Structure formats: C-alpha cells, structure tokens
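The values are calculated or read from the model by the stated rules, or taken from the named source; none is laboratory data. Values in this document were obtained by computation on a predicted structure and should not be read as measured data. Cβ atoms come from the backbone with ideal geometry, glycine included; neighbour counts cover every protein chain shown. Just the protein is used for accessible areas: all its heavy atoms, side chains included, with ligands, DNA and RNA removed. Shrake-Rupley method; radii C 1.70, N 1.55, O 1.52, S 1.80 Å.
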Amino acid sequence: MRTFLCAILLLVSINLSAQKSKPDTVIKRDTINLRGYIYDNMRKPIRHIGIQSTNTWMEAPSWHVGAMTDTTGYFELKGAKFNDTLTFEESVLYNAVPVYNKGSRYMIIYLASLPPIDITAQNPIAITAVRKHKKVTPIFNVTYSTANIDKFSFQAPPKFEGGNGHFTELIKQQLHYPPKAIDNNIEGTVTVAFQVERDGFPVNFKVLKGIGYGCEEVLINIIKSLPHWRPAIENGRPVAVPQTVSVEFKLTDK
C-alpha cells in the first residue's frame, strides 16, 4: 500500500513539474482599430453595408474581422491588419471594389454607383407605324474657316506654380514627423483632399485617411502655406477642382 501511494505521488510530482516547465503560448498580431465612413459618389452615407478585413478572428479562424455601417455610414473594424485589403459585401447599387489600406486608422471611402441596368439591351423594344409623309434628308453647305475657332476652348487640370513635382518636393522639405506620433509609435498613410478654387486658393480640406497624433494637421498646414495653384480650365474658364495628397509616415528601427 505504501509503495502504491509513493508511486502516485511520484506521478503527480512529474506531471506538475512538466506543466511548470511548459512555456506559455504567445501570439503576436500586428493589428489596428480602423474607423471611418463609407459614402456614395453623391457624398451620401451608404447604410448597412458590410466591410471586412483579410484578418481572421483568433477564436474562429474561418471568419474574417468585419463590421457593418450604421445609418450615417460609420464603421469600425477592430483588429484589422496594418496593411490590409478591405472588401465589401456584394451590392446591386454600388461598385464594391476592394480598397487597400496602408496603416491608416481613419478612412473615408467612396463607392461608385453602378450604372442602371438596361433591361432591353439584348432585345430592344421596337414600335412601328406607317409613314404618312415622304422622308426628307436635310442638305447643308459646309464652309471651312479658321477665323471663327475659339482659341480659349481647351481643358487643363490644376497645376502648382513650378509644377506638381515641385509641390511634392516642398512638402518633403517642410514636413516633419510630429513628436507625439513618434512617442506613441504611430505610422501609416495620411490622405488629405482639398479643392483648388478658381482663384488658385486651396480650400475645403478634408481628411480621407488619417492616423492621428497631429500627422494630418502638419500636412494641411504646409499645403496652406505654399504658393497658390493655377486653377483648372474647362472650356476656357477657370473651375474649382478637387485634389488629393497622400503621405506615408514610417518609423525605422535605426
């Protein structure tokens, strides 16, 4: 009996020792919480549309991390990948093409509306009737002349003074990584939209992708401080045209 008890105690001791020596399993995943809004091409919120990450739930690997927009178009993906391809559920109203996100924690996404479906595309409806009068083909006399050509009828996109390449170089020279973002180990892509007015002033700034901690503000302030643009020209007249600028904030180990 004493020998049996000693054997049991020995087995229990070996089992406890093995459990203590077994290291804990640590899983590291580079994830972010991504929030933002989804609009259509008329800037109206797209309600109740599903959006999902390529990342999967740890508890259920067959399910992807996803979210649904609310009535304002707002969504929040908790646990998305840092570099991620976002997909949307199939829709009969919108062209739900995938969107790539590179580290942004805030995004405004626009989905283009699908063109209306032509039900009669394959078999057009034909309505006929008997003509009562003879068909007359109009005759025109064409006279060619270069004197009446409107020399101002041309199209041109907005252009920064010195060229758009000069615009990006000035941003590179003046843009500095916000210390608050460095302290909090924040990196990712920031995309800012603005409108070049008919007088060349950049106005109506909006953050399309953001990572916070002052990164969007420093980019907007630099764009506002730069020289004016040449406005876009359409049919010989200046028009207001939207522009976007993207900057990748990236931290290095050395």
Could we say that residue 58 is at pLDDT 80 or above, open to solvent by 90 Å² or more (accessible area, probe 1.4 Å) and hydrophobic (A, V, I, L, M, F, W, C) here? no
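Out of the residues in the stretch 220-237 that are open to solvent by 20 Å² or more (accessible area, probe 1.4 Å) and under 24 Å from the mean Cα position of the chain (by Cα), state the one that is nearest to residue 156 (Cα to Cα).
Residues of the stretch 220-237 open to solvent by 20 Å² or more (accessible area, probe 1.4 Å): 220-221, 224-225, 227-228, 230-231, 233-237.
From what is left, the residues that are under 24 Å from the mean Cα position of the chain (by Cα) are 220-221, 224.
Working: 220: 25, 221: 26, 224: 22 Å.
Checked the stretch 220-237; the qualifying residue nearest to residue 156 (Cα to Cα) is 224.
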Being in contact with an Asp or Glu (Cβ under 6 Å, 6 or more places away or on another chain), in contact (Cβ under 8 Å) with a residue 12 or more places away in the chain and either open to solvent by 20 Å² or more (accessible area, probe 1.4 Å) or not charged (D, E, K, R) (or both) is true for just one of 251, 208. Which residue is that? 251
Assuming residue 94 fulfils every condition listed in (1) among the aromatic types (Phe, Trp, Tyr); (2) modelled with pLDDT of 90 or more; (3) open to solvent by less than 60 Å² (accessible area, probe 1.4 Å) apart from one, which condition is it? (2)
Just one of the numbered conditions (1) at pLDDT 70 or above; (2) part of a loop (DSSP other than H, G, I, E, B); (3) among the hydroxyl-bearing types (Ser, Thr, Tyr) is not true of residue 120; which one? (1)
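Take residue 78 and decide whether it is in contact (Cβ under 8 Å) with a residue 60 or more places away in the chain and not small (Gly, Ala, Ser).
Numbers: in contact (Cβ under 8 Å) with a residue 60 or more places away in the chain: no; not small (Gly, Ala, Ser): yes.
It is false that residue 78 is in contact (Cβ under 8 Å) with a residue 60 or more places away in the chain and not small (Gly, Ala, Ser).
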Any idea which of (1) closer than 17 Å to residue 246 by Cα; (2) open to solvent by less than 60 Å² (accessible area, probe 1.4 Å) is the one residue 100 doesn't satisfy? (2)
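Counting just the residues of the stretch 30-44 that are closer than 24 Å to residue 82 by Cβ and open to solvent by 20 Å² or more (accessible area, probe 1.4 Å), which one comes out modelled with the lowest pLDDT? Talk me through it step by step, then tell me what you get.
To start, the set of residues in the stretch 30-44 that are closer than 24 Å to residue 82 by Cβ comprises 30-38.
Next, from what is left, pick out any that are open to solvent by 20 Å² or more (accessible area, probe 1.4 Å): 30-31, 33, 35, 37.
Numbers: 30: 69, 31: 82, 33: 91, 35: 94, 37: 96.
For the stretch 30-44, the residue satisfying everything is 30.
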